[in-house]
1. State which helices in the chain qualify, where a helix is a whole DSSP H run, it must extend 20 Å or more along its own axis by its Cα atoms, and its mean Kyte-Doolittle hydropathy must be at least 0.0.
2. When a/c reaches 1.5 or more, the comparison of a/b and b/c decides; with that in mind, is region 177-218 rounded, prolate or oblate per its Cα gyration tensor?
3. Rounded to a whole number of µm²/s, how large is the Stokes-Einstein D of region 100-217 at 10 °C and 1.306 mPa s, given Rh as the Kirkwood radius over C-alpha pairs?
4. Please state, as a whole number in µm²/s, the translational diffusion coefficient that the Stokes-Einstein equation yields for the chain at 37 °C and 0.692 mPa s, with Rh defined as the Kirkwood radius across alpha carbon pairs.
5. Springs between alpha-carbon atoms under 10 Å, Gaussian network over the chain: tell me which of P74, P137, P83 tops the mean-square fluctuations.
6. Say each of D30 and D127 gets a label point 7 Å from the Cα, pointing the same way as Cα to Cβ; how far apart are those two points in nm?
7. At I67 and M116, where each label point lies 7 Å from the Cα along Cα→Cβ, what is the point-to-point distance in nanometres?
8. Can you bin region 36-75 into rounded, prolate or oblate? Criterion: square roots of the alpha carbon gyration tensor eigenvalues sorted a ≥ b ≥ c, rounded for a/c under 1.5, prolate for a/b above b/c, oblate for the rest.
Amino acid sequence: MNTLNQYEKDIYNCYLKNVRRGQPYNVRKDFSDMSPDIIVYLKKLSSFFYKFKHIKIDDFFAAPSIIHPDEKCPPLNFFITRPAIKLYSLSIQKMEDESPENQLDNIKESLRFIAMFCLKNKIQLEDYLYHKTSNMPTWMQHYREHHVNPYTMLELGDINKFRTMNEEERIIWSSDFFTKIDKFKTRYHNSEKTKIFLKEGVKKIKEFLKKELQISKI
């Protein structure tokens, strides 16, 4: 219990990075004199991130600076509390509410995630919307876990058809996606830069998957 593994050390250094908020910082390499309390916090955070693998550590620690940009980063023990989780959820919502042009990096990550998922499951991109997990559309789970960007989903096909699902199931599986879909559509329609970026990205992924999946059959 008194020692930290490499993953826990990486968590701490990610925290230090966010404390500095874009300023230079020194990566900690020597943990021999680490406070016992800090070790306990890191052990708890390690368990938390292991349980919720979809949460990106950097995004979790960055949440306070997104919601409260004029305040200092909270101490490490704040991040093992429920308010920290709520703050993280608010930060995700805030980022999602930004203009599509400000989400291009996230859209790129979303495309990469979908491409790797399709490759692993040996399906073409056209089949992604219809892939199911526990009889529910897998993309909804991916959206709920923040793996896919809403604008990416709009480019992949007709999302409206999923509105016919049971409302309770839809909310459980896709969070509030369908309450925001009209707003997403309007923003996407008005963002020529995002549309060009996504259409090119989707085209490249389709070509990539067709080539890789064809090779795997040989």
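1. Numbers: long enough: 6-20 (21 Å, -1.25); 36-51 (23 Å, 0.34); 82-96 (21 Å, -0.23); 104-120 (24 Å, 0.51); 192-217 (38 Å, -0.76).
The qualifying helices are 36-51, 104-120.
2. Because a/c hits 1.5 or more and a/b fails to exceed b/c, region 177-218 counts as oblate.
3. On the way: Rh = 14.7 Å.
Roughly 108 µm²/s, to the nearest whole number.
4. Roughly 168 µm²/s, to the nearest whole number.
5. P83
6. Distance between label points: 5.6 nm.
7. Distance between label points: 2.8 nm.
8. Working: a/c = 4.40, a/b = 1.36, b/c = 3.22.
Because a/c hits 1.5 or more and a/b fails to exceed b/c, region 36-75 counts as oblate.
Computed from the coordinates by the stated procedures, all read-outs in this text should not be read as laboratory data. Computed from a predicted structure; not experimentally measured. Neighbour counts run over all protein chains shown; Cβ positions are idealised from the backbone, glycine included.
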